[in-house]
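Peer 1: Below: one structure in structure tokens.
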Amino acid sequence: MAWLLLFAGAVHLFFGWHTRSAGAVIWKILVGLAYLFAAFYLLAHPERGLLTLTLVLAFYLFFEGIFEAVIYAHLRRLPGAGWFLFDAIVTIVLGIMIFMSWPFSSVWAIGTLIGISILFSGVARLSYAFAARRALPAAAI
């Protein structure tokens, strides 16, 4: 994981110098430096890095669930939109589960819960796509 962050940081810094606008250059350099800082932190403190990643994962899943609920609110009248609400609820619950059992959840949470979240996100998007396809008239397909 740390090696990927090192690579991502280097790529952001490299492309930051080749960006045309000043705002984009500053943004890419800041993101690249953040990636490099995270990589060096994980390499220097693997145990604390795992604890930190688990806590970040809990917040990420919680806010991803909130954003999924917002997507549902915008699409609720379309067929299959309920899957976004289902995904939002599952993702929020997973984020809360990690946070409530942190730091003990650090051992299992990252792999298990990211896998579950990705699975439900994929199911939600596939179900929505199939429902949208059924809603289209047969002549449009």
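The values are calculated or read from the model by the stated rules, or taken from the named source; none is laboratory data. The structure displayed is predicted, hence computed values, not measured ones. Neighbour counts are summed over all protein chains in view; Cβ atoms, including those assigned to glycine, are modelled from backbone coordinates with ideal geometry. In case anyone asks, the SASA skips ligands and DNA or RNA and just uses the protein heavy atoms, side chains included. Shrake-Rupley method; radii C 1.70, N 1.55, O 1.52, S 1.80 Å.
Peer 1: With angles folded into 0 to 90 degrees, how steeply does helix 2-17 sit against the dominant principal axis of the chain? Use alpha carbons for both and round to 10.
Peer 2: Around 90 degrees separate the two axes.
Peer 1: Would you work out the charge dipole size for the chain about its Cα centre, treating the Cβ of every Lys and Arg as +1 and the Cβ of every Asp and Glu as -1, and quote it to the nearest 20 debye? The partial results should precede the final answer.
Peer 2: Values: 8 positive and 4 negative charges, 97 e Å.
For this selection, approximately 460 debye.
Peer 1: Compare 12, 18, 74 by solvent-accessible area with a 1.4 Å probe and give them largest first, with all protein chains kept in place.
Peer 2: Numbers: 12 55, 18 115, 74 150 Å².
Descending order: 74, 18, 12.
Peer 1: If Lys and Arg each add +1 and Asp and Glu each add -1, what is the summed charge of the other residues whose beta carbon sits under 10 Å from the beta carbon of residue 79?
Peer 2: On the way: positive: 77, 133, 134; negative: none.
With Lys, Arg at +1 and Asp, Glu at -1, the neighbours total +3.
Peer 1: Here is a follow-up. Roughly how tilted is helix 46-75, in degrees to the nearest 10 and between 0 and 90, from the longest Cα axis of the chain?
Peer 2: For helix 46-75, the angle is close to 30 degrees.
Peer 1: When the accessible area of the chain is split by element with a 1.4 Å probe, what percent falls to carbon and sulfur?
Peer 2: The C+S portion of the solvent-accessible surface of the chain is 78 percent.
Peer 1: Where a ≥ b ≥ c are the square roots of the eigenvalues of the C-alpha gyration tensor, would you call the range 12-62 rounded, which needs a/c under 1.5, or, failing that, prolate if a/b is larger than b/c, or oblate?
Peer 2: It comes out oblate by the Cα gyration axes.
Peer 1: On to the next question. To the nearest 10 degrees, how steeply does helix 82-101 sit against the main Cα axis of the chain, on a 0 to 90 scale?
Peer 2: Around 30 degrees separate the two axes.
Peer 1: Could you give the alpha-carbon Rg of the chain over 2.2 N^0.38 Å, rounded to two decimals?
Peer 2: Cα Rg divided by the expected 2.2 N^0.38 Å: 1.33.
Peer 1: Between residue 7 and residue 112, what length comes free when the chain is fully extended (0.36 nm per residue of separation minus the Cα-Cα distance, one decimal in nm)?
Peer 2: 35.3 nm
Peer 1: What nm distance separates the two modelled labels at residue 73 and residue 56, each placed 7 Å from Cα along Cα→Cβ?
Peer 2: 2.8
Peer 1: Give me the 1.4 Å probe accessible area per residue for the chain, excluding ligands and nucleic acids, in Å². Mind showing how you got there, number by number?
Peer 2: Numbers: 9350 Å² over 141 residues.
Per residue, the chain has an accessible area of 66 Å².
Peer 1: OK, next. For a Förster distance of 41 Å, can you work out the FRET efficiency between the beta-carbons of residue 31 and residue 136, rounded to the nearest 0.05?
Peer 2: 0.55
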